[in-house]
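The values are calculated or read from the model by the stated rules, or taken from the named source; none is laboratory data. Bear in mind that the values here come from a model prediction, so they are computed numbers and not experimental data. Cβ placement follows ideal geometry from the backbone for every residue including glycine, while neighbour counts extend to all protein chains displayed. The area values use the complete protein model at the heavy-atom level, side chains included, leaving out ligands, DNA and RNA. Shrake-Rupley method; radii C 1.70, N 1.55, O 1.52, S 1.80 Å.
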Amino acid sequence: MELPPILFENVTVKFEDRDVLKDVCLTLSEQRIGIIGANGAGKSTLSRLINGLVLPTHGTVHVGNLNTHKHAKQIRRDVGFVFQNPANQIIMPLVSEDIAFGLKNLQISKVERQTRVQETLAELNISHLSDRESHTLSGGEQQMVALASVLAMQPRTIVFDEPTTMLDLRNRLAFQEEVAKLAQRAIVVTHDLEILEDFDRVLVVTDGAIAFDGHPMEAIAHYRQWSHA
Ligand SMILES: Nc1ncnc2c1ncn2[C@@H]1O[C@H](COP(=O)(O)OP(=O)(O)OP(=O)(O)O)[C@@H](O)[C@H]1O
(Lines give C-alpha, C1' and ligand atoms only; values in the text may rest on other atoms or scores of the structure.)
Protein backbone atom coordinates (compact mmCIF):
# COMPACT_ATOMS: atom_id res chain seq x y z
CA MET A 1 0.00 0.00 0.00
CA GLU A 2 1.39 3.39 -0.96
CA LEU A 3 1.22 5.75 2.01
CA PRO A 4 1.18 9.45 1.09
CA PRO A 5 3.49 11.57 3.28
CA ILE A 6 1.92 14.12 5.61
CA LEU A 7 3.57 17.52 5.51
CA PHE A 8 3.22 20.29 8.10
CA GLU A 9 4.70 23.57 6.91
CA ASN A 10 5.10 26.31 9.55
CA VAL A 11 1.82 25.40 11.20
CA THR A 12 0.49 27.66 13.93
CA VAL A 13 -2.92 27.12 15.53
CA LYS A 14 -4.46 29.86 17.63
CA PHE A 15 -7.50 29.35 19.84
CA GLU A 16 -8.91 32.52 21.36
CA ASP A 17 -5.72 34.41 20.48
CA ARG A 18 -3.50 31.86 22.20
CA ASP A 19 -0.90 29.86 20.22
CA VAL A 20 -1.76 26.22 20.91
CA LEU A 21 0.73 25.04 18.28
CA LYS A 22 3.62 27.22 17.22
CA ASP A 23 5.32 27.07 13.83
CA VAL A 24 5.38 23.27 13.54
CA CYS A 25 7.29 21.80 10.58
CA LEU A 26 7.08 18.02 10.11
CA THR A 27 7.16 15.35 7.42
CA LEU A 28 5.45 12.15 8.51
CA SER A 29 6.27 9.25 6.23
CA GLU A 30 6.68 6.34 8.66
CA GLN A 31 3.97 3.73 9.13
CA ARG A 32 3.53 3.87 12.91
CA ILE A 33 3.90 7.20 14.63
CA GLY A 34 3.17 8.00 18.27
CA ILE A 35 2.41 11.42 19.76
CA ILE A 36 2.96 11.89 23.49
CA GLY A 37 3.19 14.80 25.92
CA ALA A 38 1.55 16.51 28.87
CA ASN A 39 -2.13 17.38 29.19
CA GLY A 40 -2.95 20.44 27.14
CA ALA A 41 0.36 20.34 25.22
CA GLY A 42 -1.36 20.32 21.82
CA LYS A 43 -1.36 16.61 20.85
CA SER A 44 -5.05 16.33 19.90
CA THR A 45 -4.82 19.59 17.99
CA LEU A 46 -1.79 18.26 16.09
CA SER A 47 -3.62 15.01 15.26
CA ARG A 48 -6.81 16.82 14.20
CA LEU A 49 -4.85 18.92 11.71
CA ILE A 50 -4.10 15.76 9.73
CA ASN A 51 -7.63 15.27 8.44
CA GLY A 52 -8.73 18.89 8.50
CA LEU A 53 -10.82 18.69 11.69
CA VAL A 54 -8.66 21.62 12.79
CA LEU A 55 -7.25 24.00 10.17
CA PRO A 56 -3.98 25.91 10.63
CA THR A 57 -4.28 29.59 11.55
CA HIS A 58 -0.98 30.00 9.68
CA GLY A 59 0.86 27.53 7.48
CA THR A 60 -0.36 24.44 5.62
CA VAL A 61 -0.93 20.72 6.12
CA HIS A 62 -0.76 18.40 3.10
CA VAL A 63 -1.65 14.71 2.87
CA GLY A 64 0.13 13.69 -0.32
CA ASN A 65 -0.83 16.41 -2.79
CA LEU A 66 -3.99 17.40 -0.95
CA ASN A 67 -4.17 20.52 1.20
CA THR A 68 -6.45 20.30 4.27
CA HIS A 69 -7.69 23.85 3.63
CA LYS A 70 -8.82 23.02 0.10
CA HIS A 71 -9.47 19.28 -0.08
CA ALA A 72 -10.99 18.38 3.29
CA LYS A 73 -13.60 16.04 1.81
CA GLN A 74 -11.09 13.97 -0.16
CA ILE A 75 -8.70 13.89 2.77
CA ARG A 76 -11.39 12.55 5.13
CA ARG A 77 -11.88 9.57 2.83
CA ASP A 78 -8.21 8.75 3.11
CA VAL A 79 -7.58 9.67 6.74
CA GLY A 80 -9.81 7.95 9.31
CA PHE A 81 -10.08 9.35 12.83
CA VAL A 82 -10.88 7.37 15.97
CA PHE A 83 -12.05 9.84 18.61
CA GLN A 84 -11.14 9.87 22.27
CA ASN A 85 -14.80 9.63 23.26
CA PRO A 86 -16.32 6.83 21.16
CA ALA A 87 -19.86 7.92 22.04
CA ASN A 88 -19.29 10.92 19.75
CA GLN A 89 -18.62 8.59 16.87
CA ILE A 90 -21.46 6.10 17.25
CA ILE A 91 -24.52 7.13 15.26
CA MET A 92 -26.75 4.17 14.46
CA PRO A 93 -28.90 2.12 16.91
CA LEU A 94 -27.29 -1.26 16.16
CA VAL A 95 -23.56 -1.97 16.12
CA SER A 96 -23.64 -3.65 12.68
CA GLU A 97 -25.63 -0.70 11.25
CA ASP A 98 -23.20 1.74 12.78
CA ILE A 99 -20.20 0.14 11.11
CA ALA A 100 -22.11 -0.13 7.80
CA PHE A 101 -23.11 3.56 7.99
CA GLY A 102 -19.69 4.92 7.04
CA LEU A 103 -19.45 2.38 4.21
CA LYS A 104 -22.81 3.48 2.81
CA ASN A 105 -21.46 7.03 2.65
CA LEU A 106 -18.58 5.68 0.58
CA GLN A 107 -21.19 4.18 -1.79
CA ILE A 108 -20.09 0.62 -1.15
CA SER A 109 -22.65 -2.02 -2.21
CA LYS A 110 -24.90 -3.66 0.38
CA VAL A 111 -23.32 -7.10 -0.06
CA GLU A 112 -19.81 -5.69 0.30
CA ARG A 113 -20.92 -3.65 3.32
CA GLN A 114 -22.23 -6.73 5.11
CA THR A 115 -19.05 -8.67 4.35
CA ARG A 116 -16.79 -5.88 5.57
CA VAL A 117 -18.80 -5.36 8.76
CA GLN A 118 -18.61 -9.04 9.71
CA GLU A 119 -14.94 -9.36 8.71
CA THR A 120 -13.95 -6.32 10.74
CA LEU A 121 -15.88 -7.46 13.81
CA ALA A 122 -14.27 -10.92 13.55
CA GLU A 123 -10.82 -9.37 13.10
CA LEU A 124 -11.24 -7.49 16.39
CA ASN A 125 -12.84 -10.50 18.15
CA ILE A 126 -16.06 -8.59 18.78
CA SER A 127 -18.50 -10.48 16.49
CA HIS A 128 -20.69 -11.03 19.55
CA LEU A 129 -21.44 -7.27 19.59
CA SER A 130 -22.83 -7.23 16.03
CA ASP A 131 -26.54 -7.15 16.97
CA ARG A 132 -26.20 -5.20 20.21
CA GLU A 133 -27.76 -1.79 20.66
CA SER A 134 -24.93 0.72 20.44
CA HIS A 135 -26.08 2.85 23.37
CA THR A 136 -26.07 -0.15 25.75
CA LEU A 137 -22.38 -0.93 25.16
CA SER A 138 -19.77 -0.32 27.84
CA GLY A 139 -17.19 2.41 27.23
CA GLY A 140 -14.55 -0.11 26.17
CA GLU A 141 -16.98 -1.94 23.86
CA GLN A 142 -17.87 1.40 22.29
CA GLN A 143 -14.20 2.14 21.81
CA MET A 144 -13.74 -1.20 19.97
CA VAL A 145 -16.81 -0.50 17.78
CA ALA A 146 -15.52 2.98 16.94
CA LEU A 147 -12.25 1.35 15.92
CA ALA A 148 -14.13 -1.22 13.80
CA SER A 149 -16.09 1.54 12.03
CA VAL A 150 -12.92 3.28 10.94
CA LEU A 151 -11.05 0.07 10.02
CA ALA A 152 -13.97 -1.09 7.84
CA MET A 153 -13.62 2.05 5.72
CA GLN A 154 -10.01 1.07 4.93
CA PRO A 155 -8.47 4.56 4.87
CA ARG A 156 -4.71 4.65 4.19
CA THR A 157 -4.02 6.64 7.36
CA ILE A 158 -5.79 6.19 10.69
CA VAL A 159 -5.39 8.74 13.46
CA PHE A 160 -6.21 7.52 16.97
CA ASP A 161 -6.78 9.99 19.79
CA GLU A 162 -6.19 8.13 23.07
CA PRO A 163 -7.64 4.84 21.79
CA THR A 164 -6.93 2.68 24.85
CA THR A 165 -8.26 4.84 27.69
CA MET A 166 -11.34 2.67 28.29
CA LEU A 167 -9.96 -0.70 27.24
CA ASP A 168 -9.35 -3.63 29.57
CA LEU A 169 -6.11 -5.54 29.25
CA ARG A 170 -7.48 -7.98 26.69
CA ASN A 171 -8.88 -5.30 24.38
CA ARG A 172 -5.79 -3.16 24.84
CA LEU A 173 -3.71 -6.11 23.62
CA ALA A 174 -6.19 -6.63 20.75
CA PHE A 175 -5.76 -2.97 19.83
CA GLN A 176 -1.98 -3.26 19.97
CA GLU A 177 -2.01 -6.39 17.80
CA GLU A 178 -4.38 -4.77 15.32
CA VAL A 179 -2.15 -1.71 14.95
CA ALA A 180 0.93 -3.91 14.52
CA LYS A 181 -0.82 -5.77 11.67
CA LEU A 182 -2.22 -2.77 9.85
CA ALA A 183 -1.08 -2.22 6.30
CA GLN A 184 -2.23 1.36 6.82
CA ARG A 185 -0.41 4.18 8.56
CA ALA A 186 -1.33 4.57 12.24
CA ILE A 187 -0.80 7.84 14.10
CA VAL A 188 -1.58 7.36 17.79
CA VAL A 189 -1.96 10.07 20.43
CA THR A 190 -1.64 8.41 23.81
CA HIS A 191 -0.62 8.53 27.45
CA ASP A 192 -0.21 4.72 27.29
CA LEU A 193 3.51 4.73 26.54
CA GLU A 194 3.92 0.94 26.37
CA ILE A 195 1.85 0.60 23.22
CA LEU A 196 4.40 2.72 21.34
CA GLU A 197 7.47 0.61 22.03
CA ASP A 198 7.51 -1.01 18.57
CA PHE A 199 6.57 2.15 16.71
CA ASP A 200 8.79 3.70 14.04
CA ARG A 201 8.78 7.21 15.43
CA VAL A 202 7.44 9.12 18.44
CA LEU A 203 6.89 12.88 18.73
CA VAL A 204 6.94 14.54 22.13
CA VAL A 205 4.78 17.67 22.20
CA THR A 206 5.56 20.25 24.86
CA ASP A 207 3.78 23.56 25.10
CA GLY A 208 2.72 23.66 21.45
CA ALA A 209 6.05 22.60 19.96
CA ILE A 210 7.78 19.33 19.03
CA ALA A 211 10.27 18.96 21.89
CA PHE A 212 11.62 15.58 20.75
CA ASP A 213 11.22 13.55 17.59
CA GLY A 214 12.78 10.14 17.19
CA HIS A 215 13.02 6.54 18.34
CA PRO A 216 10.24 5.48 20.78
CA MET A 217 12.52 4.52 23.67
CA GLU A 218 14.46 7.78 23.42
CA ALA A 219 11.26 9.81 23.10
CA ILE A 220 9.73 8.10 26.13
CA ALA A 221 12.94 8.70 28.13
CA HIS A 222 12.86 12.36 27.10
CA TYR A 223 9.22 12.68 28.16
CA ARG A 224 9.84 10.93 31.51
CA GLN A 225 12.78 13.21 32.23
CA TRP A 226 10.75 16.29 31.28
CA SER A 227 7.86 15.14 33.51
CA HIS A 228 10.16 14.77 36.54
CA ALA A 229 11.81 18.16 36.02
N1 LIG B 1 -11.65 24.45 20.35
C2 LIG B 1 -10.83 24.97 21.27
N3 LIG B 1 -11.03 26.23 21.73
C4 LIG B 1 -10.22 26.79 22.66
N5 LIG B 1 -9.15 26.16 23.19
C6 LIG B 1 -8.90 24.91 22.76
C7 LIG B 1 -9.73 24.25 21.80
N8 LIG B 1 -9.22 23.01 21.58
C9 LIG B 1 -8.15 22.89 22.37
N10 LIG B 1 -7.95 24.03 23.07
C11 LIG B 1 -6.86 24.28 24.02
O12 LIG B 1 -5.64 24.01 23.35
C13 LIG B 1 -4.70 23.40 24.21
C14 LIG B 1 -4.22 22.09 23.61
O15 LIG B 1 -5.31 21.19 23.59
P16 LIG B 1 -5.16 19.69 23.06
O17 LIG B 1 -6.49 19.05 23.20
O18 LIG B 1 -4.52 19.71 21.72
O19 LIG B 1 -4.13 19.10 24.12
P20 LIG B 1 -3.66 17.59 24.39
O21 LIG B 1 -2.16 17.63 24.38
O22 LIG B 1 -4.31 16.67 23.45
O23 LIG B 1 -4.18 17.38 25.88
P24 LIG B 1 -4.73 16.07 26.68
O25 LIG B 1 -3.57 15.16 26.92
O26 LIG B 1 -5.19 16.70 27.97
O27 LIG B 1 -5.85 15.47 25.88
C28 LIG B 1 -5.38 23.24 25.56
O29 LIG B 1 -5.02 24.30 26.39
C30 LIG B 1 -6.87 23.33 25.21
O31 LIG B 1 -7.60 23.87 26.27
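Here the Karplus curve 6.51 cos²θ - 1.76 cosθ + 1.60, taken at θ = phi - 60°, turns the phi angles of the range 79-85 into couplings of 10, x, 10, 9, 7, 4, 9 Hz, with x standing for Gly and Pro. Taken one residue at a time, the phi angles of the range 116-127 give Karplus couplings (6.51, -1.76, 1.60, θ = phi - 60°) of 5, 4, 5, 5, 5, 4, 5, 4, 8, 6, 10, 4 Hz. Gly and Pro are set to x. Close amide H partners of Gly34, meaning residues 5 or more places away or on another chain with modelled amide H under 5 Å apart, are Val188, Arg201, Val202, Leu203. For the range 180-195, putting each phi into the Karplus relation 6.51 cos²θ - 1.76 cosθ + 1.60 with θ = phi - 60° gives couplings of 5, 8, 4, 7, 7, 7, 10, 10, 10, 8, 7, 9, 8, 5, 4, 5 Hz, in residue order, rounded to whole numbers and with x for Gly and Pro.
Rolling a 1.4 Å probe across all protein chains gives Met153 an accessible area of roughly 60 Å². About the centre of its Cα atoms, the chain shows a dipole size close to 640 debye [charges on the beta carbon of Lys, Arg (+1) and Asp, Glu (-1) only; nearest 20 debye]. For the chain, averaging the sequence separation of C-alpha pairs within contact (under 8 Å, six or more residues apart) and dividing by the residue count gives a relative contact order of 27 percent.
Note: relative contact order over the range 23-129, using C-alpha pairs below 8 Å and six or more positions apart, is 13 percent. A cut-off under 15 angstrom between Cβ atoms defines the neighbours of Lys70, and their net charge, with Lys, Arg +1 and Asp, Glu -1, is +1. Only helices enter this figure: runs of n ≥ 4 DSSP H residues, each worth -39500 (n - 2.57), summed and divided by the residues of the chain, yield -10500 deg cm²/dmol at 222 nm to the nearest 500. Close amide H contacts of Gln84 (hydrogens built in the peptide plane, cut-off under 5 Å, sequence separation of 5 or more or a different chain): Asp161. In the chain, the longest principal axis of the Cα atoms and the axis of helix 216-228 are about 60 degrees apart. What separates the Cα centres of the range 77-112 and the range 120-173 is a distance of 11 Å. Relative protection proxy for 74-87, 204-217, from highest mean packing down: 74-87, 204-217 (other beta-carbon atoms within 10 angstrom). Comparing Ser29, Ser109, Ser134, which has the greatest mean-square fluctuation in the GNM of the chain with Cα pairs linked when under 10 Å apart? The residue that fluctuates most here is Ser109.
Solvent-accessible surface of the chain, taken per residue with a 1.4 Å probe and all protein chains present: 49 Å².
A DSSP coil position with no more than 13 other Cβ atoms inside 10 Å describes the following GluC sites (Glu not before Pro) in the range 120-229: Glu197. Measuring between their Cα centroids, the range 174-229 and the range 25-65 lie 14 Å from each other. Bridgeable lysines around Lys70 (alpha carbons under 28 Å apart, same-chain partners fewer than 8 residues away excluded): Lys14, Lys22, Lys43, Lys104.
Hey, could you get me the Stokes-Einstein D for the chain, Kirkwood radius over alpha-carbon pairs, 25 °C and 0.890 mPa s, rounded to whole µm² s⁻¹? The estimated diffusion coefficient comes to 136 µm²/s. Electrostatic bookkeeping for Glu162 treats Lys and Arg as +1 and Asp and Glu as -1; over the other residues with beta carbon under 15 Å from its beta carbon, the sum is 0.
Each other residue within a Cβ distance under 13 Å of Pro93 adds +1 if Lys or Arg and -1 if Asp or Glu, for a net charge of -3.
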